[in-house]
Amino acid sequence: MPTNTLCNAGNRQRHFTAAALVLLVSVAGVTAHATASSHARYDSHPPKTRKWTQVGKATWYGRRFQGHRTASGEAFDLNMLTCAHRTLPIGTLLRVTNLTNRRSIMVRVNDRGPVPAGLVVDLSYAAAKSLGFNHRGSARVRLEKVEGAEAAQLNWPDLGRPEEMAASR
């Protein structure tokens with residue numbers, strides 16, 4: 001009879017060990033599952049994209065080109081807030097900031113250029129005047145591409161002459 005009792009005690013100990021192991025695996029599995037799902041939640045967000053910017057020298061062009069066809073096909077108007085850029089697609093919206101006085105405006109790319117090396121953008125006369133460098137001829141600027149929700153909030157292409165924008169406010 002004593003051997004029978006010893007066997008039952010051994011079986012009970014194995015059952016207890018198995019139950020403890022199952023419990024441990026279950027808890028670890030739930031923890032692992034929660035950790036994996038919490039990481040998946042953060043991984044599902046797209047990574048932050050850096051905004052396109054460019055810093056360099058800007059010039060302006062005016063009367064000499066008034067009425068000439070631009071790369072977009074429209075006639076150049078020195079009183080519109082437009083610019084010429086070598087590589088950005090036609091129609092791209094840019095925020096241009098004069099780094100000397102911190103004035104900032106929005107312009108639309110409608111032409112190719114600037115032709116001289118060392119320049120990043122050619123602005124219309126109205127854009128240069130709004131930025132405060134029409135008398136000097138050039139300024140150091142920062143260009144920022146405007147897209148997505150920010151661009152959708154603009155009333156483009158109705159954004160036109162600076163006087164019209166001020167009058168409509």
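Every number here is computed from the coordinates shown, using simple stated rules; none is lab data. This is a predicted model, so every value here is computed, not measured. No Cβ is skipped: glycine too gets one built from the backbone with ideal geometry, and neighbour counts run over all protein chains shown.
Would you mind classifying region 87-150 by shape? Square roots of the alpha carbon gyration tensor eigenvalues, ordered a ≥ b ≥ c; an a/c under 1.5 is rounded, otherwise it is prolate if a/b is larger than b/c and oblate if not. In terms of gyration-tensor shape, oblate.
Which parts of region 110-136 would a label at ILE90 reach, counting a residue when its backbone N lies under 13 Å from a point 7 Å out along Cα-to-Cβ? Only 110-113 fall inside the zone, counting backbone N under 13 Å. Residues whose amide H falls under 5 Å from that of MET80, counting only those 5 or more places apart or on a different chain, are ALA126, with hydrogens built in the peptide plane. Be a star and scan region 98-132 for residues whose amide nitrogen sits under 12 Å from the point 7 Å along the Cα-to-Cβ vector of GLU74. The answer is 107-111, whose backbone nitrogens lie closer than 12 Å to the label point. Take the Cβ-Cβ distance between ALA152 and TRP52 as r, set R0 to 25 Å, and report the resulting FRET efficiency rounded to the nearest 0.05. Working from the Cβ atoms, E equals 0.90. The local environment of SER138, defined by Cβ-Cβ distances under 11 Å, has a net charge of +2 under the rule Lys, Arg +1 and Asp, Glu -1. Taking a sphere under 11 Å around the Cβ of GLY67 and counting the other residues whose Cβ falls inside, with K and R at +1 and D and E at -1, yields a net charge of +1.
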